[in-house]
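Take a look at the structure below.
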2 protein chains.
Amino acid sequence: MKEITSQSVDIALIHHPVLGRNKEVIGSAITNLDLHDIARTAKTYGIGAYYIVTPYTDQQELVSEIIDHWQSGHGSIYNPARKEAFSLVRLADSLEEVIADIRRNRNEVPKIVTTSALRQNSSIAFAESRKRIESGESTLLLFGTAHGLAPELLELADYSLPAITGKTSYNHLSVRAAVAIICDRLLGQFK
Amino acid sequence: MKEITSQSVDIALIHHPVLGRNKEVIGSAITNLDLHDIARTAKTYGIGAYYIVTPYTDQQELVSEIIDHWQSGHGSIYNPARKEAFSLVRLADSLEEVIADIRRNRNEVPKIVTTSALRQNSSIAFAESRKRIESGESTLLLFGTAHGLAPELLELADYSLPAITGKTSYNHLSVRAAVAIICDRLLGQFK
């Protein structure tokens with residue numbers, strides 16, 4: 001399978017610290033379909049690694065079991081395309097561990113790019129981010145589960161992306177849809 | 001909530017007739033998260049109605065229960081934003097019933113636009129489809145579950161959209177991701 005390897009973009013899906021319904025900082029539970037859908041999107045768009053970030057050991061065990069099933073268990077035989085997508089999935093305790101892993105693997109410190117359904121500070125246009133990626137800038141895209149990334153993560157951003165706007169002011173996309181749309185805006189091939 | 005109503009685009013998610021693993025024509029089961037994710041995407045992009053198409057009465061009952069939960073049951077109080085998304089969800093036996101419903105509601109016969117992870121006949125560029133929609137052309141986007149729309153549905157297309165290409169030849173996006181990307185390409189507001 002032909003891959004374009006000039007880009008170096010990774011994705012981290014954060015389960016802690018994220019916001020709850022009342023904007024309090026919480027840890028969220030793993031959603032099985034987040035693993036599948038985002039791994040498939042990541043594989044489509046040539047993402048380097050897709051990190052599932054959770055500090056909870058029971059949740060880490062669940063993720064490991066799912067990865068094993070699709071990487072070396074029955075799932076890998078039943079659905080080789082899914083195995084291929086799951087080859088991108090990594091488990092990490094924290095954002096620090098993600099960055100350390102990228103440094104180890106690529107000898108690069110990635111730019112941290114945050115996403116949110118709300119307006120953020122120091123946001124740049126998608127087209128500008130696309131150019132930076134095309135120029136070879138190592139980029140780590142952060143996505144929050146539950147009600148989004150906690151402020152302490154947003155503050156770490158080298159830059160942020162604008163909220164996705166459709167045709168309405170409704171801003172409640174699933175994180176699975178948001179990852180797909182943002183990958184397409186930054187990395188997609190239009191015709 | 002401000003809505004742009006000049007467009008008239010609907011979505012149908014087909015559960016029969018679709019293709020199975022070996023390209024045989026099958027009927028697929030309802031996936032709960034297809035209802036949620038695609039309803040949220042549809043609401044974001046100002047889609048008129050999101051039709052769940054299945055001929056199976058047990059599956060129709062399941063869909064009705066899920067819609068009721070989020071439209072008038074506990075879910076509608078717990079999550080008003082989800083209620084708003086579910087207000088777009090309709091149940092239909094068949095594509096014919098979808099088209100009849102659109103004719104009844106809008107007095108329009110929509111152009112049928114098919115999607116596929118594979119190359120199709122009479123495919124037009126996303127930019128061209130976007131122009132047709134912006135000109136006010138009534139458009140029904142068909143998405144297939146399982147391994148995609150059956151040939152008998154592809155043949156009904158007024159036109160088809162190109163397969164989504166990322167950076168690789170991997171073409172196994174989830175239908176939830178494909179709907180999000182296609183809505184964004186046809187209806188999204190970029191900055």
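Observations, loosely collected:
- Per the listing B:R119, B:R90, B:R130, the residue uniquely part of a loop (DSSP other than H, G, I, E, B), closer than 20 Å to B:V179 by Cβ and among the charged types (D, E, K, R) is B:R119.
- Residue in the range A:112-130 that is more than 24 Å from A:G48 (Cβ to Cβ) and at pLDDT 95 or above present: no
- Screening the candidates A:S116, A:S169 for the property of being away from chain B (no Cβ under 14 Å) and either touching a helix residue (DSSP H, G or I) at 6+ places or on another chain (Cβ under 7 Å) or within 23 Å of B:D184 (Cα to Cα) (or both) yields one hit, A:S116.
- Pairs with Cβ under 8 Å, 6+ apart, first in the range A:95-118 and more than 19 Å from A:E155 (Cβ to Cβ), second open to solvent by 90 Å² or more (accessible area, probe 1.4 Å): A:I102/A:V109; A:R103/A:V109
- Criterion: touching a strand residue (DSSP E or B) at 6+ places or on another chain (Cβ under 8 Å), of a type in the set (K, R) and either farther than 21 Å from B:V25 by Cα or open to solvent by 30 Å² or more (accessible area, probe 1.4 Å) (or both) - qualifying residue of B:K111, B:K83: B:K111
- Only residues that are closer than 30 Å to A:G136 by Cβ and of a type in the set (A, V, I, L, M, F, W, C) were counted across the range A:40-76, and they come to 6.
- Every test in (1) at the interface with another protein chain (Cβ under 8 Å from one of its Cβ atoms); (2) crowded, with 17+ Cβ neighbours inside 10 Å; (3) more than 30 Å from A:S64 (Cβ to Cβ) is passed by A:Q189 save one, and that test is (2).
- All positions within the range B:170-191 that are without any contact (Cβ under 8 Å) to a residue 24 or more places away in the chain and either within 20 Å of B:K23 (Cα to Cα) or among the aliphatic types (A, V, I, L, M) (or both): B:Y170, B:S174, B:A177, B:I181
- Qualifying residues in the range A:144-166 (those that are open to solvent by less than 20 Å² (accessible area, probe 1.4 Å) and either without any contact (Cβ under 8 Å) to a residue 12 or more places away in the chain or facing chain B (nearest Cβ under 7 Å) (or both)) - the one nearest to B:I182 (Cα to Cα): A:G166
The values are calculated or read from the model by the stated rules, or taken from the named source; none is laboratory data. Keep in mind that what you see is a predicted model, and the values were worked out from it rather than measured. Here the Cβ is made from the backbone with ideal geometry for all residues, glycine too, and neighbour counts use every protein chain on show. Calculation scope for accessible area: heavy atoms of the full protein, side chains included, ligands and nucleic acids excluded. Shrake-Rupley method; radii C 1.70, N 1.55, O 1.52, S 1.80 Å.
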